[in-house]
Structures are given as C-alpha cells and as structure tokens.
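Reviewing the structure listed below.
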Amino acid sequence: MAHSDHRAAVRVNGRPPQFRRARAPRCPGMTPMTSPRTGTRTRRAAPLLAAGLALLAAGTAATATAAAPLPDAYTQDPAGGDKAMRTAWTKDEHHRLEAQFRFHPGVVFQTRKRPATQEAPDWGGTAPDPATLAYEPKVEFAYDVYSGRLLRGSSLGDAKKGTHDVTLDATVVSERGAKVAEFHEAKAGRPAGFRAVYPLGRRVACDSGAYTVRWSITRNGPADATATVRGTLRWDSDCARLRKAFG
C-alpha cells in the first residue's frame, strides 16, 4: 500500500510529471526569432546597422535623420589625437599659436520600413534607406595661445592667459575649383584655449567627387603680434561602402 502511495505521488493520471524549461532572461540587444524548422522561438543578436557601425568606426561618419545618431568620425589636420597641433609664432615672439582642424563629413539619411517575413515575423521596424544618403559637413576648430616674453624655442609652459582676437576660416572646394561651402568668423575676446564645432549649412550629394578643405586660424593684432596656422586636407564623397553596409 505504501508502494502504491509512492507511485501516486510521482505520477499524475498515470503519466510522469511534465517539467517546463526555465526561460532564459532576455538580454539587451537580443531580438526574438522563430525557427522555420521547429516553430520554436530562439534569440540572436540583432544585426541592425552592425556592418554600418563597423564601417563608421573605421573612418566614415554618420548622423541619422529620423533615426538614432550613429558614431561620428572625422579627418584631422594634423593627424593624431587631441594634442596634435600645428604651430606658428608671432613676429615679436611673444605669442605662440597652436592650432588643429577637424572635418566631420556628417552622413545623413532617411529610414524606410523593414517588412517582416515568414522566417522572421518579429523583425519589422525600420532601416536606413541607401537611396537617401547625403552629407551635411561640419568643421571643428581648436587652438591654444601661449603668451610670454620668451625667445622662440623656449618653453612657455602653461602660460595660456588673457583673451585674443581670433579669426576662423574654412573653405570646401571641388576638384574643378568651385567653392562648395565656406565658414568665416572673426571675433574679439576669445579665450586662450578654444575648441568648437560649426555646421557649414550645406548638403553635399553622395558620389559627387573629391574635395579639398582649406582652413586657417589667425591670432589678430599689430603686424608683429599676428600669427596664422593653416592647412589643407582631402575628402572623398564616395558612398559605395556605406550603401553596401546599409543596403
């Protein structure tokens, strides 16, 4: 009798008990999918823009229109990090201007609806539309002015002080020499250390050719107290890699 009670405890209606597998916790960035073979739901990392993000990290910028912003990238003159600078001294050698310039291509695009499929009914959503890719460039200026009555070649240490009259200039020129976009700002009373980003206010079409970007930063003053740092860089508006990544 005791044996019979034991069997009743482990069986229900003559069948062994059914155990449900615990559901794994949903991880951020995971999208539920349905297996076409078994009909069961599985999970895999959502690949939305994965190829595009990898490409952008390698050196092409993007900012979404009607979508979340993507990582930005830029071309810098001189090449290097934040502390890479070009240098010019004033004639009286009382001021040293260190300057840097960055060009942000600023890729923009519209989104389109991504239809769900039988294999992936939960997918849907939106995706970048490669046909709408374009550029809205920005320029970034950075400089430090070191002042002191020291001879050229001597260290001025951290003698960034006072305010200065500084002019910022940038021009984007096509291969044919046509001026595509321009930025100019002359302002008095700028700080001795400065960094800012400015939109050029122009949209540039994809695959419209290669461009030259000319830039300069000038500390204004009397003839012997003026210094200018200038440079150029090249930018190609080709969108083939972006279209392939987003297509």
>> Name the residue that is surrounded by the fewest Cβ atoms within 10 Å (Cβ to Cβ), counting only residues in the stretch 177-217 that are farther than 19 Å from A88 by Cα and of a type in the set (V, I, T).
In response: V197
> So which residues in the stretch 193-229 are outside any loop (DSSP other than H, G, I, E, B), in contact (Cβ under 8 Å) with a residue 60 or more places away in the chain, in contact with a strand residue (DSSP E or B) (Cβ under 7 Å, 6 or more places away or on another chain) and not hydroxyl-bearing (S, T, Y)?
Replying inline: V197, P199, V204, A205, V213, W215, I217, R219, A225, A227, V229
> Condition test on T232, is it over 27 Å from the mean Cα position of the chain (by Cα), of a type in the set (V, I, T) and assigned to a strand (DSSP E or B)?
Replying inline: no
>> Can you tell me which condition A84 does not meet? The list is (1) at pLDDT below 85; (2) outside any strand (DSSP E or B); (3) open to solvent by less than 30 Å² (accessible area, probe 1.4 Å), and all the others hold.
In response: (1)
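Could you please let me know if K179 is over 17 Å from A99 (Cα atoms) and of a type outside the set (A, V, I, L, M)?
Yes; evaluated as a whole, the condition is true for this residue.
Those residues that are of a type in the set (A, V, I, L, M, F, W, C) and in contact with a His (Cβ under 9 Å, 6 or more places away or on another chain), I need them from the stretch 211-247; list them, please.
Here is the first cut: in the stretch 211-247, the ones of a type in the set (A, V, I, L, M, F, W, C) are 213, 215, 217, 223, 225, 227, 229, 233, 235, 239-240, 242, 245-246.
Selection gives A225, A227.
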>> Residue under question is T232, and the condition is that it be touching an Asp or Glu at 6+ places or on another chain (Cβ under 9 Å), exposed (fewer than 15 other Cβ atoms within 10 Å of the Cβ) and of a type in the set (S, T, Y); does it hold?
In response: yes
>> Looking at the stretch 93-106, I want the residues that are under 21 Å from R214 (Cα atoms) and have a partner that is open to solvent by less than 10 Å² (accessible area, probe 1.4 Å) and hydroxyl-bearing (S, T, Y) with Cβ atoms under 8 Å, at least 6 apart or on another chain. Which pairs are those?
In response: L97/T90; L97/Y143; E98/Y143; A99/Y143; Q100/Y143; P105/Y135; P105/S237; G106/Y135
>> Against the condition within 15 Å of D165 (Cβ to Cβ), of a type in the set (A, V, I, L, M, F, W, C) and open to solvent by 20 Å² or more (accessible area, probe 1.4 Å), how does A223 come out, does it pass?
In response: yes
> When A159 is evaluated against the numbered criteria (1) open to solvent by 40 Å² or more (accessible area, probe 1.4 Å); (2) touching a Ser or Thr at 6+ places or on another chain (Cβ under 8 Å); (3) at pLDDT below 90; (4) of a type in the set (G, A, S), which criterion, by number, is the only one it fails?
Replying inline: (1)
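The values are calculated or read from the model by the stated rules, or taken from the named source; none is laboratory data. In this text the structure is predicted, and so the values were computed from the model without any measurement. FYI the Cβ positions are ideal-geometry reconstructions off the backbone, even for glycines, and counts take in every protein chain you see. What goes into the accessible areas is simple: the full protein's heavy atoms, side chains included, and nothing from ligands, DNA or RNA. Shrake-Rupley method; radii C 1.70, N 1.55, O 1.52, S 1.80 Å.
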